[in-house]
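Chemist: This is the structure, below, for whatever I ask next.
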Amino acid sequence: PTPSPNASAAPSRQRLAVAQAALLSALVGGTPVPEGFDRVRIGVQARALAAKRADVVGKIAPELPVILGESYRTAFVGYAQGHPMTGGYRRDALDFAEHLLRAGDTGDMGHAGDPAVRGALREWWLDRSGPAPRSPRSPRPERPAARLARATRRVLLGR
């Protein structure tokens, strides 16, 4: 029997699919640029795609640019270049905030290392990361100074 025309095209289609996947991964996942592509141009395009993603996330979650201020865009583009989007823009916003909170020392992101900024980011993330929004009456985490003041008041009042 004579091989069908589709059978002879299968290996070339498979090579093309692998090359396309490698290119896409380099553009949105931070993987190395595949052979045969201009690394500089792919880098420019990857940064442009990350910046566009930052713009969309900023529209979906407008509180993030407000909380992070000037450092939002730089921080998000840096995050996006190593973290491909996996579950839509809302999930991307939550994953970005979680990434910043887990990073611990965010001093390289401008004032995002400020405890007030981290606290606001944490509250934003907690309000949105659960299966349902938190109740407005749910207790907020207490600061150590507030616990100390309450304990001192109880001791002084004899309770």
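The values are calculated or read from the model by the stated rules, or taken from the named source; none is laboratory data. Please read these numbers as outputs of a predicted model, since none were measured by experiment. Every residue, glycine among them, receives a Cβ derived from its backbone with ideal geometry; neighbour counts consider all protein chains shown. Ligands, DNA and RNA are excluded from the accessible area calculation, which covers all protein heavy atoms including side chains. Shrake-Rupley method; radii C 1.70, N 1.55, O 1.52, S 1.80 Å.
Chemist: Identify all residues within the range 28-57 that are of a type in the set (Gly, Ala, Ser) and touching a Lys or Arg at 6+ places or on another chain (Cβ under 8 Å); write none if there are none.
Modeler: Once the filter is applied, which keeps residues that are of a type in the set (Gly, Ala, Ser) and touching a Lys or Arg at 6+ places or on another chain (Cβ under 8 Å), the range 28-57 yields Ala51, Ala54.
Chemist: Among the residues of the range 3-19, are any of a type in the set (Gly, Ala, Ser), without any contact (Cβ under 8 Å) to a residue 60 or more places away in the chain and not in a helix (DSSP H, G or I)?
Modeler: Yes: the range 3-19 contains one or more residues that are of a type in the set (Gly, Ala, Ser), without any contact (Cβ under 8 Å) to a residue 60 or more places away in the chain and not in a helix (DSSP H, G or I).
Chemist: Check Gly69 against each of (1) under 23 Å from Gly130 (Cβ atoms); (2) without any contact (Cβ under 8 Å) to a residue 60 or more places away in the chain and name the one condition it does not meet.
Modeler: Every condition holds for Gly69 apart from (1).
Chemist: Hey, could you check the range 74-88 for residues that are assigned to a helix (DSSP H, G or I) and of a type outside the set (Phe, Trp, Tyr) and say which is nearest to the chain's Cα centre (by Cα)?
Modeler: Ranking the candidates gives Ala80 first.
Chemist: Something else: Does Gly36 satisfy the condition of being more than 30 Å from Ala132 (Cα to Cα), open to solvent by 50 Å² or more (accessible area, probe 1.4 Å), in contact with a Gly (Cβ under 9 Å, 6 or more places away or on another chain) and not aromatic (Phe, Trp, Tyr)?
Modeler: No, not satisfied.
Chemist: Check Ala17 against each of (1) under 30 Å from Leu94 (Cβ atoms); (2) out of contact with any Leu (no Cβ under 8 Å at 6 or more places or on another chain) and name the one condition it does not meet.
Modeler: Looking at each condition in turn, Ala17 falls short on (1).
Chemist: Is it the case, given these coordinates, that Gln81 is polar (S, T, N, Q) and over 28 Å from Ala120 (Cβ atoms)?
Modeler: No; evaluated as a whole, the condition is false for this residue.
Chemist: Suppose we filter the range 89-142 for residues that are open to solvent by less than 50 Å² (accessible area, probe 1.4 Å), assigned to a loop (DSSP other than H, G, I, E, B) and either modelled with pLDDT of 90 or more or not polar (S, T, N, Q) (or both); how many remain?
Modeler: Summing the residues that are open to solvent by less than 50 Å² (accessible area, probe 1.4 Å), assigned to a loop (DSSP other than H, G, I, E, B) and either modelled with pLDDT of 90 or more or not polar (S, T, N, Q) (or both) in the range 89-142 gives 2.
Chemist: In this structure, does Thr31 turn out to be part of a loop (DSSP other than H, G, I, E, B), open to solvent by 80 Å² or more (accessible area, probe 1.4 Å) and either free of Cβ contacts under 8 Å to residues at least 40 places away in the same chain or hydrophobic (A, V, I, L, M, F, W, C) (or both)?
Modeler: Against the criterion (part of a loop (DSSP other than H, G, I, E, B), open to solvent by 80 Å² or more (accessible area, probe 1.4 Å) and either free of Cβ contacts under 8 Å to residues at least 40 places away in the same chain or hydrophobic (A, V, I, L, M, F, W, C) (or both)), Thr31 does not qualify.
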